[in-house]
Protein chains: 2
Amino acid sequence: MSEEKRPKDQLKAHIRAQNQTLILETSERVFARQGLAKTTTQMIADEAGLPKANVHYYYRSKKDLLEAVLERILRLWLDSVSEFDVEGGPKENLTRYISEKIDQSRANKNASKVFAMALMGEEHFVLDYLRNLFVTELEREKATIQVWVDKGLMAPVSTEHLFISLWAMTQTYADFDAQVKIILQKETLEDNDYDDAKQFITRMVLAGCGVVDDSL
Amino acid sequence: MSEEKRPKDQLKAHIRAQNQTLILETSERVFARQGLAKTTTQMIADEAGLPKANVHYYYRSKKDLLEAVLERILRLWLDSVSEFDVEGGPKENLTRYISEKIDQSRANKNASKVFAMALMGEEHFVLDYLRNLFVTELEREKATIQVWVDKGLMAPVSTEHLFISLWAMTQTYADFDAQVKIILQKETLEDNDYDDAKQFITRMVLAGCGVVDDSL
DNA sequence: GTCTATATGTGGATAGAC
DNA sequence: GTCTATCCACATATAGAC
């Protein structure tokens with residue numbers, strides 16, 4: 001009997017994984033569009049093409065669902081972040097970092113917005129994440145930057161304020177895209193808009209950090 | 001009789017103005033703390049020490065109330081913004097602009113957060129404001145910057161992306177203060193933190209815009 | 001695992017007495 | 001202008017049949 005049960009369990013597990021992914025992806029979209037509190041489980045269910053009770057079957061409460069969405073976002077982000085490489089030097093690393101951050105917030109605009117909303121709403125889940133993972137990561141970057149400073153490759157700047165500015169500038173194109181569109185007077189942002197942003201931010205950061213930019 | 005009525009009307013008008021201010025100030029605080037959708041008129045009433053029906057007497061709907069709050073925020077902001085002064089040159093103007101923006105977002109943290117929430121939620125009221133007032137103001141700054149570029153006082157940069165970055169960097173200390181506190185590892189932000197922010201941002205912007213900063 | 005029907009709670013808004 | 005009591009809509013969450 002147990003031999004017969006296994007394929008059934010595999011099927012169930014497959015259905016489960018499939019539905020969970022569907023619900024999480026849909027939720028991220030609806031949360032980003034409607035805001036966290038305005039979003040109802042009914043909206044998510046409708047947009048996912050499922051009955052509401054089904055959503056609650058997989059995620060008991062709306063809070064659980066939001067946290068699952070946030071966890072997924074953070075996990076995917078961690079995977080796509082490339083760390084600073086000391087050997088590469090400040091110019092290459094900062095340029096790459098800015099480019100990757102802009103690309104990422106563009107590719108995952110909804111994820112970025114949900115994260116920003118949760119952060120502004122001071123959701124414990126997000127604050128804990130920042131405290132645990134983020135800060136240790138920042139320590140590493142700080143050490144790397146110190147090496148570059150000691151080598152005379154860049155000016156001694158506050159790593160904390162540098163990263164606060166980097167995140168603010170790169171995230172704003174996703175989180176406040178409505179504002180950006182109005183300022184640029186465009187219906188939708190295109191490749192060249194993001195290229196302009198990258199170029200402007202990179203130029204400012206390199207110059208502000210006293211990095212010799214021989215390409216200018 | 002009309003002579004006797006006037007003082008009564010004045011009293012009523014006074015009560016009205018006083019209550020409206022109380023409700024608006026309380027709302028701004030609660031909206032900033034709880035988020036726009038999570039905030040209930042009951043919370044606002046409780047915190048203002050009024051019965052809920054009283055709040056609805058002055059502002060028929062929650063939407064009306066939010067818009068009144070936003071309108072008040074924007075009016076106060078407009079008054080405290082000093083325009084670019086062509087004669088002053090880029091260094092003085094950009095330095096002052098950054099300093100004023102940081103001071104303002106610090107002094108009115110709640111207002112700043114409510115505005116950011118409404119912007120991220122793409123509230124029509126805020127988008128319309130940006131389209132009408134903001135964009136014309138940007139045109140003026142753009143013309144000023146062009147003058148400076150022509151005079152060789154700064155490099156030709158994209159005014160749009162410059163302002164997008166300026167707003168992002170200066171607002172982030174108010175809007176995402178929870179994140180900033182974690183990065184700086186402080187319970188509360190103090191004078192020197194804001195001074196560091198001003199210094200870092202100013203340095204970066206001036207260098208990035210190719211403004212000769214003889215003080216460095 | 002799926003889904004209908006429903007219990008339970010809460011919020012926005014107002015009627016109507018004072 | 002103030003405030004109690006209440007209506008109605010809607011959201012979360014679950015029970016229970018399939």
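The values are calculated or read from the model by the stated rules, or taken from the named source; none is laboratory data. Keep in mind that what you see is a predicted model, and the values were worked out from it rather than measured. For neighbour counting, all protein chains shown are included, and Cβ atoms are generated from backbone atoms with ideal geometry for every residue, glycine included. The accessibility values were calculated without ligands, DNA or RNA, using every heavy atom of the protein model including side chains. Shrake-Rupley method; radii C 1.70, N 1.55, O 1.52, S 1.80 Å.
Observations on the structure shown:
- GNM on chain A, alpha-carbon springs under 10 angstrom: the most fluctuating residue among A:Ala13, A:Ala118, A:Ala155 is A:Ala13.
- Angle in degrees between helix A:191-208 and the longest Cα principal axis of chain A, rounded to the nearest 10: 50
- Segment B:151-216 and segment A:147-208 have Cα centres lying 11 Å from one another.
- Applying both filters, DSSP loop and at most 15 other Cβ atoms within 10 Å, to the trypsin sites (Lys or Arg not before Pro) of segment B:22-79 gives B:Lys38, B:Arg60.
- 1.4 Å probe accessible area per residue over the protein assembly as shown, in Å²: 51
- The charge dipole of chain B, taken about its Cα centre with unit charges on the Cβ atoms of Lys, Arg (+1), Asp and Glu (-1) only, comes to about 920 debye.
- Counts of other chain beta carbons within 10 angstrom of each beta carbon in peptide A:116-126 average 4.
- In terms of packing, defined here as the mean over residues of other Cβ atoms within 10 angstrom, the peptides A:127-138, B:194-205 line up highest first as B:194-205, A:127-138.
- Pairs of Cα atoms in segment B:2-71 fall into 5 Å distance bins, from 0 up to the last occupied one, in shares of 3, 17, 27, 23, 11, 8, 6, 3, 1, 1 percent.
- Expressed as a whole percent, the accessible surface of the protein assembly as shown that belongs to carbon and sulfur atoms is 51, based on a 1.4 Å probe.
- Kirkwood-based shape ratio for the protein assembly as shown, expressed as Rg/Rh from alpha carbons: 1.03
- Pairing chains B and A buries close to 4400 square angstrom of accessible surface in total, based on protein heavy atoms and a 1.4 angstrom probe.
- Zone residues, segment A:42-78, relative to A:Gln34, backbone N less than 14 Å from point 7 Å out along Cα-to-Cβ: A:42-53, A:55-56, A:62-63, A:65-66
- Report summary: the helix-based calculation at 222 nm, which adds -39500 (n - 2.57) for every DSSP H run with n ≥ 4 and divides by the residues of chain A, gives -24500 deg cm²/dmol.
- Cα long-axis angle, helix B:109-120 against chain B (0 to 90 degrees, to the nearest 10): 80
- Drop in accessible area of at least 40 Å² in the complex versus isolated chain, residues of segment A:34-66, 1.4 Å probe: A:Ala37
- Accessible surface of A:Ser82, taken over heavy atoms with a 1.4 Å probe and every protein chain present, rounds to 40 Å².
- Shown in residue order for segment A:96-101 are the 3J(HN,Hα) couplings computed by the Karplus curve 6.51 cos²θ - 1.76 cosθ + 1.60 at θ = phi - 60°: 5, 4, 4, 4, 5, 5 Hz (x for Gly and Pro).
- For segment B:1-136, taking the reciprocal of the average inverse distance between every pair of different Cα atoms yields a Kirkwood hydrodynamic radius of 17.0 Å.
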